[in-house]
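Working notes for the structure below.
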Amino acid sequence: DVKVTQSSRYLVKRTGEKVFLECVQDMDHENMFWYRQDPGLGLRLIYFSYDVKMKEKGDIPEGYSVSREKKERFSLILESASTNQTSMYLCASGGLGIGELFFGEGSRLTVL
Amino acid sequence: RKEVEQDPGPFNVPEGATVAFNCTYSNSASQSFFWYRQDCRKEPKLLMSVYSSGNEDGRFTAQLNRASQYISLLIRDSKLSDSATYLCVVNKGGILTGGGNKLTFGTGTQLKVEL
């Protein structure tokens with residue numbers, strides 16, 4: 001059974017803290033994605049990666065960075081968390097030329 | 001204009017009803033189209049792909065109209081378990097560097113099926 005696992009379901013952080021969100025997939029997919037989901041705005045793409053050490057900006061990359069040191073792992077980093085980064089963060093993976101994305105259960109981040 | 005637009009609903013329908021959702025997209029270069037389903041507090045999951053010729057999967061029928069840049073999802077004989085948010089998803093056009101799809105998600109249409 002395919003699996004995308006996100007390290008934390010719920011996090012509460014303070015403004016200015018550094019935040020790491022980790023994602024691991026066991027499907028040997030080339031492509032991995034980080035989205036955030038907010039009411040009324042839907043899912044918005046933050047960053048994606050199509051290979052180890054490769055990354056590309058999505059639609060809303062400001063305030064975020066990513067790391068992909070191994071094929072199965074894709075991390076999202078908030079260098080200095082701000083209250084407007086309070087959101088649900090969803091990691092996804094997908095194979096080459098395939099439309100289906102497999103999502104993790106999400107990480108709900110609250111920044112106080 | 002949003003890249004993918006959907007009526008947010010909610011659509012409240014009785015069990016057994018037929019319900020249709022529509023979606024419009026702005027990028028005429030889009031090549032791939034999908035409907036995803038998201039249950040409350042859960043992650044999105046692929047419901048079905050949408051093909052130009054239209055396609056059916058049990059009680060679900062998806063249609064694409066490229067000329068009007070319009071996608072639809074029809075659910076027949078609604079069940080309580082169909083209650084969810086349905087996300088219209090569109091490929092932004094072309095293939096990602098290295099392959100794969102860069103998908104744009106609509107904000108979703110909420111369906112509530114009632115007894």
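Okay, here's what the table says:
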| quantity | calculated |
| --- | --- |
| Criterion violated by A:Cys23 - all others in (1) within 14 Å of chain B (Cβ to nearest Cβ); (2) more than 22 Å from A:Leu112 (Cα to Cα); (3) without any contact (Cβ under 8 Å) to a residue 24 or more places away in the chain satisfied | (3) |
| Only listed residue being away from every other protein chain (no Cβ under 13 Å) and closer than 18 Å to A:Gly40 by Cβ, chosen from B:Leu111, B:Leu87, B:Leu115 | B:Leu111 |
| 2 or more residues touching a Ser or Thr at 6+ places or on another chain (Cβ under 7 Å) and either away from chain B (no Cβ under 11 Å) or acidic (Asp, Glu) (or both): qualifying strands (runs of 3 or more DSSP E) within the stretch A:52-112 | A:65-70, A:73-78, A:107-111 |
| Number of the condition not met by A:His29 [criteria: (1) within 12 Å of another protein chain (Cβ to nearest Cβ); (2) assigned to a strand (DSSP E or B); (3) touching a Leu at 6+ places or on another chain (Cβ under 9 Å)] | (2) |
| Meets criteria (free of Cβ contacts under 8 Å to residues at least 24 places away in the same chain and either polar (S, T, N, Q) or touching a Ser or Thr at 6+ places or on another chain (Cβ under 6 Å) (or both)) for A:Gly42 | yes |
| Residue satisfying all of: in the stretch B:62-80; closer than 26 Å to B:Leu115 by Cβ and surrounded by fewer than 17 Cβ atoms within 10 Å (Cβ to Cβ); nearest to the other protein chains (Cβ to nearest Cβ) among these | B:Leu74 |
| Meets criteria (in contact with a strand residue (DSSP E or B) (Cβ under 6 Å, 6 or more places away or on another chain) and within 14 Å of chain A (Cβ to nearest Cβ)) for B:Asp7 | yes |
| Selected residue (only one of B:Val4, B:Val13, B:Val50 is under 17 Å from B:Val113 (Cβ atoms) and of a type in the set (A, V, I, L, M, F, W, C)) | B:Val13 |
| Residue that is farthest from the other protein chains (Cβ to nearest Cβ) [pool: residues in the stretch B:30-61 that are in a strand (DSSP E or B) and polar (S, T, N, Q)] | B:Thr61 |
| Subset of the stretch B:6-25 that is among the polar types (S, T, N, Q) and part of a strand (DSSP E or B) - its residue that is surrounded by the fewest Cβ atoms within 10 Å (Cβ to Cβ) | B:Asn12 |
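Only the coordinates and a few stated rules stand behind these numbers; no lab work does. Because the structure is a prediction, the values reported are computed rather than measured. Positions of Cβ are generated from backbone atoms using ideal geometry, with glycine treated the same way; all protein chains shown enter the neighbour counts.
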